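The values are calculated or read from the model by the stated rules, or taken from the named source; none is laboratory data. Please read these numbers as outputs of a predicted model, since none were measured by experiment. Glycine also receives a Cβ, built like all others from the backbone with ideal geometry; neighbour counts cover every protein chain displayed.
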Amino acid sequence: MSETLIDLLQYYGAAAGAIAALIVSLDLGRRWTGFGFCIFVTSSIALLLWGFLSKEGEGIGAQNGILFVINVIGVYRYLIRKAPPQPAAEAGA
């Protein structure tokens, strides 16, 4: 694989992760947070690929494998699941 493509994966992953973190941190509602998690998913995929295709990024690749699963859970919670979770106090009552 070309070094240019590997570099693009690295920089896309970093930029997309920063944008997704900003969107999630702004707390603009469930839909926007869900879109932020979708961007996180693409960031995780890019950094996972970069980590295992580059010579020095295996740790980042492994970390983003785990983050990919976490981000998919975020997409499910904020975009796919219909009912928001009940607070713990109400669920036990």
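Filtering the stretch 44-66 to residues that are free of Cβ contacts under 8 Å to residues at least 40 places away in the same chain, closer than 21 Å to SER2 by Cβ and in a helix (DSSP H, G or I) leaves ILE45, ALA46, LEU47, LEU48, GLY51, PHE52, GLU58, ILE60, GLY61.
On the given criteria, is VAL69 part of a helix (DSSP H, G or I), in contact (Cβ under 8 Å) with a residue 24 or more places away in the chain and not acidic (Asp, Glu)? So VAL69 fails the test. Within the stretch 56-81, being more than 11 Å from GLY34 (Cβ to Cβ) and not β-branched (Val, Ile, Thr) holds for GLU56, GLY57, GLU58, GLY59, GLY61, ALA62, GLN63, ASN64, GLY65, LEU67, PHE68. On the given criteria, is GLY17 surrounded by 14 or more Cβ atoms within 10 Å (Cβ to Cβ) and either more than 9 Å from the chain's Cα centre (by Cα) or modelled with pLDDT of 95 or more (or both)? Answer is yes for this residue.
The residue that is modelled with the highest pLDDT, among those in the stretch 74-93 that are of a type outside the set (Gly, Ala, Ser) and loosely packed, with under 11 Cβ neighbours inside 10 Å, is ILE80.
Just to check your reading of the model, which residue among SER43, SER2, SER54 is over 26 Å from ARG81 (Cβ atoms), of a type in the set (S, T, N, Q) and surrounded by 15 or more Cβ atoms within 10 Å (Cβ to Cβ)? Going through SER43, SER2, SER54 in turn, just one is over 26 Å from ARG81 (Cβ atoms), of a type in the set (S, T, N, Q) and surrounded by 15 or more Cβ atoms within 10 Å (Cβ to Cβ): SER54. Are there any pairs, at least 6 apart or on different chains, whose C-beta atoms fall under 6 Å, with the first in the stretch 2-13 and farther than 13 Å from ILE60 by Cβ and the second among the aliphatic types (A, V, I, L, M) and modelled with pLDDT of 95 or more, and if so, which? So the pair list comes out as TYR12/ALA46.
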